[in-house]
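Chemist: Here you go, one structure.
The values are calculated or read from the model by the stated rules, or taken from the named source; none is laboratory data. Because the structure is a prediction, the values reported are computed rather than measured. Quick reminder, even Gly has a Cβ in these numbers, built from the backbone with ideal geometry, and neighbours come from all protein chains shown. Accessible surface is based on the protein model in full, side chains and every heavy atom, while ligands, DNA and RNA are left aside. Shrake-Rupley method; radii C 1.70, N 1.55, O 1.52, S 1.80 Å.
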Amino acid sequence: MRYMVPFMLLIAACQSPEKGPETRYAPREVNVYSHRHYDVDKQLFALFTERTGIVVNVVQAGDDELLARLEAEGAKSPCDVMITADAGRLGLARSRGLLQATQSNVLAAAIPAHLRDPEGYWFGLTMRARVVAYDKTKVKPEEIADYADLTKPRFKGKVLVRSAENVYNQSLLAAMIAHEGADAATAWAKGIVTNMARDPQGGDTDQLLAVAEGLGEVAIANSYYVGKLMASTEPEKQKARERLGVLFPVMSTHGTHVNVSGGGVARYAPHPAEAMALLEFLAGEEAQRLFSEGNKEYPVRPGVPVASELQAFGPFTADTLNLEALARLNAEAVKVFDAAGWR
Ligand SMILES: [Fe+2]
């Protein structure tokens with residue numbers, strides 16, 4: 001409990017000292033372990049408390065650390081809801097026995113089936129596409145329709161992408177394996193290694209900035225990193241955005257690879273009802289709109305307005321592969337990257 005920070009101290013602060021302890025009540029609460037560190041999440045938790053009176057306690061940790069901590073705490077864990085990025089990691093949490101199956105008509109109605117676990121172990125709450133950002137001064141958008149186009153000789157020494165140790169790349173490759181098989185995925189990964197502008201380094205935003213600096217011509221990145229760059233007031237990023245265009249490559253006959261940030265109810269959740277209430281709130285219209293505006297993510301809930309920065313990228317066709325496959329094929333994706341020499 002060392003890192004447990006009560007998110008809303010308001011309730012304690014509002015208790016009048018004259019009333020004495022007998023009139024105090026234990027507020028309903030929900031304990032969240034989250035890999036996300038965004039302001040919009042804090043804003044949403046505060047709104048949830050305002051609406052329901054349920055206090056949200058947040059523990060923040062790195063992705064692998066979060067799973068390790070849940071595992072170490074076992075049945076004594078205070079965690080009610082685990083929130084993390086990438087369906088691959090959510091699926092991993094399920095397979096390690098850290099989440100529980102749940103049933104919610106509200107979530108089933110709000111979230112398209114392919115963006116949540118078939119048995120309710122986890123739910124996608126915000127969606128992102130793995131897009132290609134390109135240098136508008138060097139690349140014609142019609143040169144890239146498919147992720148496979150990035151492996152053509154035309155892009156030798158021009159492709160910027162982060163390490164294969166990163167789960168976003170592992171999930172992209174897992175989706176390719178699901179659709180086209182391991183051989184095609186291996187050929188793609190080898191082709192990208194051949195075309196890399198440099199050895200993988202940094203995160204997605206670093207790849208975008210590198211394109212703007214002329215270190216390469218195309219970068220693979222999650223859409224919210226591009227959206228945030230477009231919305232940034234930092235001079236370096238404002239300069240970069242003038243030069244960058246965004247494309248939504250497809251996987252042959254399938255759409256653009258998408259993934260989610262999402263959450264699930266912890267296996268030993270002490271407050272399962274509050275946990276479900278929080279997940280249902282986060283899938284609601286208001287929260288979905290705020291996720292998009294605040295963090296430049298796509299709502300998972302259909303019909304919710306999308307942030308203007310994302311609207312400017314134009315519409316795209318998302319792959320409808322059930323994201324459960326990303327965890328199932330993760331180990332194979334890691335092997336393929338290894339074989340391809342993508343570090
Ligand atoms: Fe990210």
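Chemist: Residue 114 fails exactly one of the following numbered conditions: (1) within 25 Å of the chain's Cα centre (by Cα); (2) not assigned by TED's automatic domain parsing to the domain that holds residue 32; (3) not hydrophobic (A, V, I, L, M, F, W, C). What is the number of that condition?
Modeler: Going through the list (1) within 25 Å of the chain's Cα centre (by Cα); (2) not assigned by TED's automatic domain parsing to the domain that holds residue 32; (3) not hydrophobic (A, V, I, L, M, F, W, C), residue 114 breaks only (2).
Chemist: Give me the residue from segment 224-283 that is under 30 Å from residue 180 (Cβ atoms), more than 16 Å from the ligand (Cβ to nearest atom) and of a type in the set (A, V, I, L, M) and, out of that set, most open to solvent (accessible area, probe 1.4 Å).
Modeler: 250
Chemist: State all residues of segment 285-297 that are open to solvent by 20 Å² or more (accessible area, probe 1.4 Å) and of a type outside the set (Asp, Glu); if no residue qualifies, say none.
Modeler: Matches in segment 285-297: 289, 290, 294, 296.
Chemist: Let me ask another. Determine which member of the set 269, 312 is more than 24 Å from residue 84 (Cβ to Cβ) and outside the structural domain of residue 135 (by TED's automatic domain parsing).
Modeler: After applying the criteria, what remains is 312.
Chemist: Out of segment 56-84, which residues are in contact with a His (Cβ under 7 Å, 6 or more places away or on another chain) and open to solvent by 50 Å² or more (accessible area, probe 1.4 Å)?
Modeler: Correct list: 60 only.
Chemist: Just to be sure I understand the filter: pairs with C-beta atoms under 9 Å, separated by 6 or more residues or on different chains, first member in segment 200-223 and open to solvent by 40 Å² or more (accessible area, probe 1.4 Å), second member within 12 Å of the ligand (Cβ to nearest atom). Which pairs pass?
Modeler: Qualifying pairs under 9 Å: 201/162; 202/162; 206/162.
Chemist: Within segment 202-214, restricting attention to residues that are within 16 Å of the ligand (Cβ to nearest atom) and of a type outside the set (Val, Ile, Thr), which residue is nearest to residue 236 (Cα to Cα)?
Modeler: Within segment 202-214, the match that is nearest to residue 236 (Cα to Cα) is 209.
Chemist: Can you tell me which condition residue 150 does not meet? The list is (1) more than 16 Å from the ligand (Cβ to nearest atom); (2) in contact with a Leu (Cβ under 7 Å, 6 or more places away or on another chain); (3) open to solvent by less than 20 Å² (accessible area, probe 1.4 Å), and all the others hold.
Modeler: (2)
Chemist: Related question: Mind listing whichever residues of segment 6-37 are modelled with pLDDT of 50 or more and either open to solvent by 40 Å² or more (accessible area, probe 1.4 Å) or outside the structural domain of residue 271 (by TED's automatic domain parsing) (or both)?
Modeler: 23, 24, 25, 26, 27, 28, 29, 35, 37
Chemist: Continuing with the same structure: Kindly list the number of the only condition in (1) in a loop (DSSP other than H, G, I, E, B); (2) at pLDDT 95 or above that fails for residue 47.
Modeler: So residue 47 meets the others, but not (1).
Chemist: So which pairs qualify, if the first residue must be in segment 309-333 and closer than 30 Å to residue 244 by Cα, the second must be at pLDDT below 95 and among the acidic types (Asp, Glu), the Cβ gap must be under 8 Å, and the two must be at least 6 apart or on different chains?
Modeler: Pairs found: 326/86.
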